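Following: one structure in structure tokens, then a few remarks.
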Amino acid sequence: MRSPLIFAGHTDEVLDMVGGTLTDAERARADRFTRERDRLDFVAAHLLVRHCAAEFLGTRACLLTLVQSCEQCGGPHGRPRFAEEPDLSVSMSHTRGYVCAAVGHGRVGVDAEHATEGPADQSLASIALTPAEARLVGQDNRKLIRQWVRKEALVKRGELTLDRLRETDLSGLPLDDGAALEWEGRHLLEWTAGSVIAGAITDSPARLRLLGGRAAAARV
């Protein structure tokens with residue numbers, strides 16, 4: 001079985017390197033962004049996930065139709081999938097100026113967030129961290145965001161919900177850069193790009209491709 005595949009890069013570099021078009025539903029969602037920068041992040045992520053899946057499947061990105069449908073309201077959002085490959089797991093994320101996408105068999109989840117140096121946001125910590133995690137994070141905002149990214153990846157895998165983040169304890173995982181991680185049968189791959197902390201959780205070890213020329217440090 002092929003390893004899960006992750007693509008990631010800065011928005012402007014991704015838009016320079018990959019082409020393609022969005023569906024009508026995606027264009028309508030993109031047009032609702034009030035800030036152009038946010039719209040470009042959305043577009044870049046949705047194009048990138050097509051190219052990630054195309055490489056994984058050995059096909060062309062233009063032959064893949066990304067579909068999102070909310071399980072609660074039926075709206076054009078929610079967990080993404082490809083109409084032509086409904087059994088392929090798909091995840092994507094965008095934060096200010098940076099996007100990433102993951103595809104593979106089994107469950108995949110990817111997230112990216114900006115993390116500034118300085119004290120941790122205690123309101124975020126109170127909804128995201130278990131007591132053991134809070135002791136490890138302390139007042140370090142980057143450590144808090146690393147845990148947040150991990151839990152968001154679990155949410156995108158369908159294993160966790162935002163209102164139950166404190167029910168999953170990841171205090172056994174290190175919070176500094178290091179080797180590849182495993183957690184209860186799952187594989188965690190993390191990397192940084194400037195102020196961005198990103199991570200993916202997959203059922204088997206994943207391959208990471210960083211697009212563009214800007215340096216990034218990866219945990220592989």
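The values are calculated or read from the model by the stated rules, or taken from the named source; none is laboratory data. Values in this document were obtained by computation on a predicted structure and should not be read as measured data. No Cβ is skipped: glycine too gets one built from the backbone with ideal geometry, and neighbour counts run over all protein chains shown.
Tell me yes or no: at least one residue of region 111-129 is under 24 Å from Arg2 (Cβ atoms), touching a residue at least 60 places away in the same chain (Cβ under 8 Å) and of a type outside the set (S, T, N, Q). Don't jump to the end; show me each part of the working.
At the first step, the residues of region 111-129 found to be under 24 Å from Arg2 (Cβ atoms) are 111-112.
From what's left, touching a residue at least 60 places away in the same chain (Cβ under 8 Å): 111-112.
Still in the running and of a type outside the set (S, T, N, Q): 111-112.
So far as region 111-129 goes, yes, one or more of its residues are under 24 Å from Arg2 (Cβ atoms), touching a residue at least 60 places away in the same chain (Cβ under 8 Å) and of a type outside the set (S, T, N, Q).
I'm trying to understand the selection: among the residues of region 154-205, which are within 17 Å of Lys143 (Cα to Cα) and part of a strand (DSSP E or B)?
Leu181, Leu188, Leu189, Glu190, Trp191, Thr192, Ala193, Val196, Ile197, Ala198, Gly199, Ala200
Quick one: which of Ala28, Ala44 is at pLDDT 95 or above and either touching a Lys or Arg at 6+ places or on another chain (Cβ under 7 Å) or not β-branched (Val, Ile, Thr) (or both)?
Values: Ala28 fails: at pLDDT 95 or above.
Result of the check over Ala28, Ala44: Ala44.
All but one of (1) acidic (Asp, Glu); (2) closer than 29 Å to Met17 by Cβ; (3) modelled with pLDDT under 95 hold for Asp203; state the number of the condition that does not hold.
(3) is the only condition that Asp203 fails.
Could you check region 95-109 and list, in sequence order, the residues that are in contact with a helix residue (DSSP H, G or I) (Cβ under 6 Å, 6 or more places away or on another chain) and either within 17 Å of Phe82 (Cβ to Cβ) or modelled with pLDDT under 95 (or both)? Can you show your working first?
Taking region 95-109 first, the residues in contact with a helix residue (DSSP H, G or I) (Cβ under 6 Å, 6 or more places away or on another chain) are 97, 99, 101, 103, 109.
Within region 95-109, Ala101, Val103, Gly109 qualify.
Just to be sure before I move on: is Ala153 in contact with a Ser or Thr (Cβ under 6 Å, 6 or more places away or on another chain), modelled with pLDDT of 95 or more and of a type in the set (A, V, I, L, M, F, W, C) in the structure I sent?
On the way: in contact with a Ser or Thr (Cβ under 6 Å, 6 or more places away or on another chain): no; modelled with pLDDT of 95 or more: yes; of a type in the set (A, V, I, L, M, F, W, C): yes.
Against the criterion (in contact with a Ser or Thr (Cβ under 6 Å, 6 or more places away or on another chain), modelled with pLDDT of 95 or more and of a type in the set (A, V, I, L, M, F, W, C)), Ala153 does not qualify.
Restrict the check to region 140-151 and report whether at least one residue is without any contact (Cβ under 8 Å) to a residue 60 or more places away in the chain, over 20 Å from the mean Cα position of the chain (by Cα) and over 17 Å from Leu173 (Cα atoms). Before the answer, list the steps.
From region 140-151, those without any contact (Cβ under 8 Å) to a residue 60 or more places away in the chain are 140-151; that's our starting set.
Filter once more, keeping what is over 20 Å from the mean Cα position of the chain (by Cα): 140.
Those left that are additionally over 17 Å from Leu173 (Cα atoms): none.
No, region 140-151 contains no residue that is without any contact (Cβ under 8 Å) to a residue 60 or more places away in the chain, over 20 Å from the mean Cα position of the chain (by Cα) and over 17 Å from Leu173 (Cα atoms).
Pairs please, first residue from region 23-36 and surrounded by 10 or more Cβ atoms within 10 Å (Cβ to Cβ), second anywhere and in a loop (DSSP other than H, G, I, E, B) and not hydrophobic (A, V, I, L, M, F, W, C), Cβ atoms under 8 Å, 6+ apart in sequence or on different chains.
From residues that are surrounded by 10 or more Cβ atoms within 10 Å (Cβ to Cβ), the pairs are Thr23/Thr65; Ala25/Pro76; Glu26/Pro76; Ala28/Pro76; Arg29/Pro76; Arg29/His77.
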